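> Have a look at this one before I ask anything.
Readers should treat all values here as calculations from the given coordinates under stated rules, not as data from a laboratory. What you see is a predicted model, and the numbers here were worked out from it, not measured in a lab. Every residue, glycine as well, gets a Cβ built from its backbone with ideal geometry; the counts of neighbours run over all protein chains shown.
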Amino acid sequence: DNCYGEFTQKIEPTQVGADIIAGSLIKNAGGGIAKTGGYVAGRADLVEKISYRLTTPGLGREVGATLGHSRELFMGLFFAPHTVGEAIKSARFAAALFEEFGFGTTPKSTDDRFDIVQSVLLRNEENLIAFCQGMQKGAPIDSFVTPEPWDMPGYDSKVIMSAGAFTGGASIELSADAPLREPYAVYMQGGLNFHSAKVGIMLAAEEMAKRGLI
């Protein structure tokens, strides 16, 4: 599973021994343009076997639904390295800003990056909620919405999510989510361009400041 990791390094897992990798095109590899889809890459014999499982034996990659999205898939892949670069800049900025406020971050602002995910240890529930509600205000879609913690299936604690994206679930677009439990870490990722992501991150900090949390 190479989700969140594509184009963050000069080489990919298949260049250091992985036989097969897979990922989502509404994450890094779709560049914020692909509306849906996924990919597999690696050893030709394994890709062929996977294609038979995906469609039908004997036909494999020669058939299958493209949903009329071929242009978006190829354009997204073309833009993906640049878009991932913008997301990494955004993650580094978030880490540096919240380190200045005294919060722990993983990875640190100066650390090497192997994916686009940035976690900030916010210490308590109030901080988590304020961060996500503030970031939502900087979203290009649904900036008027106020996210609230809720009982999400699959979690044993409430979860809050900030995600005002053009494509639902597209984590290459600026988003953040957190389970409301220790260590109260928020997981932020994405940013189609640095300047808009920077606004969202600063609004997250501003919301915390307005509530007297920083």
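> Which order do 152, 161, 208 fall in if you start with the one that has the fewest other Cβ atoms within 10 Å?
152, 161, 208
> Could I ask something else about it? Semi-axes of the chain's equivalent ellipsoid from the Cα gyration tensor, sqrt of 5 times each eigenvalue, largest first, rounded to whole Å?
Taking √(5λ) for each Cα gyration eigenvalue gives 34, 18, 16 Å.
> Within 14 Å, Cβ to Cβ, of residue 214, how many net charges do the neighbouring residues add up to if Lys/Arg are +1 and Asp/Glu are -1? Don't jump to the answer; show the numbers that get you there.
On the way: positive: 123, 210, 211; negative: 99, 100, 126, 206, 207.
With Lys, Arg at +1 and Asp, Glu at -1, the neighbours total -2.
> Between residue 114 and residue 49, what is the spin-label point distance in nm, taking each point 7 Å from the Cα along the Cα→C-beta axis?
Reported label-point gap for residue 114 and residue 49 is 2.6 nm.
> To make sure I understand, if each residue's beta carbon is the centre and we count other beta carbons within 10 Å, what order do 156, 142 fall in, fewest to most?
Numbers: 156 7, 142 13.
If I rank by nearby Cβ atoms, fewest first, I get 156, 142.
> Sort 47, 120, 63 so the one with the fewest other Cβ atoms within 10 Å of its own Cβ comes first. Present the calculation step by step, with values, prior to reporting the outcome.
Working: 47 16, 120 27, 63 11.
Going from least to most buried by this count: 63, 47, 120.
> Under a point spin-label approximation (7 Å from Cα along Cα-to-Cβ), what is the residue 180-residue 142 distance to one decimal in nm?
With each label point 7 Å from Cα toward Cβ, the separation is 1.8 nm.
> Right, next: Within region 19-60, which trypsin sites (Lys or Arg not before Pro) sit in a loop by DSSP and count at most 14 neighbouring Cβ atoms inside 10 Å? Before the final figure, lay out each step's value.
On the way: sites: 27, 35, 43, 49, 53; in loops: 27, 35, 43.
Hits after loop and neighbour filter: 43.
> Okay, next question. Given 21, 63, 37, which one lies farthest toward the positive end of the charge dipole of the chain, if we put +1 on the Cβ of every Lys and Arg and -1 on the Cβ of every Asp and Glu?
The Cα lying farthest towards the positive end belongs to 63.
> Tell me the net charge near residue 20. Cut-off is 14 Å between Cβ atoms, residue 20 excluded, with +1 for each Lys or Arg and -1 for each Asp or Glu. Could the numbers behind the result be given before it?
Numbers: positive: 43, 49, 53; negative: 1, 12, 19, 45, 48.
Here the charged neighbours net out to -2.
> Within the set of other residues whose C-beta is less than 14 Å from the C-beta of residue 46, count the net charge using Lys and Arg as +1 and Asp and Glu as -1.
Details: positive: 43, 49, 53, 61; negative: 19, 45, 48.
Residues close to residue 46 contribute a combined charge of +1.
> What does the charge dipole of region 13-75 about its Cα centre add up to, to the nearest 20 debye, if the Cβ of each Lys and Arg holds +1 and the Cβ of each Asp and Glu holds -1? List each step's numbers first, then the result.
Working: 7 positive and 5 negative charges, 33 e Å.
I would put it at about 160 debye.
> While we're here: Report, by chain and number, residues whose modeled amide H sits under 5 Å from the one on residue 185, excluding near sequence neighbours (fewer than 5 apart, same chain).
Those lying under 5 Å, H to H, from residue 185 are 122.
> Using DSSP loop states and a limit of at most 15 other Cβ atoms within 10 Å to flag chymotrypsin sites (Phe, Trp or Tyr not before Pro), what is the longest stretch of the chain containing no flagged site?
Values: sites that count: 101, 114, 144, 155, 166.
Longest site-free region, per DSSP loop and neighbour criteria: 1-100.
> A follow-up question, please. If you place +1 on the Cβ of every Lys and Arg, -1 on the Cβ of every Asp and Glu, and leave all else neutral, what size is the dipole of the chain about its Cα centre, to the nearest 20 Debye?
That gives a dipole near 340 debye.
> Write out the trypsin sites (Lys or Arg not before Pro) in region 87-139 meeting two conditions: DSSP loop, and at most 13 other Cβ atoms within 10 Å of their Cβ. Working shown, then result.
On the way: sites: 89, 92, 108, 113, 123, 137; in loops: 108, 113, 123, 137.
When the trypsin sites (Lys or Arg not before Pro) of region 87-139 are filtered for loop state and at most 13 Cβ neighbours within 10 Å, 108 remain.
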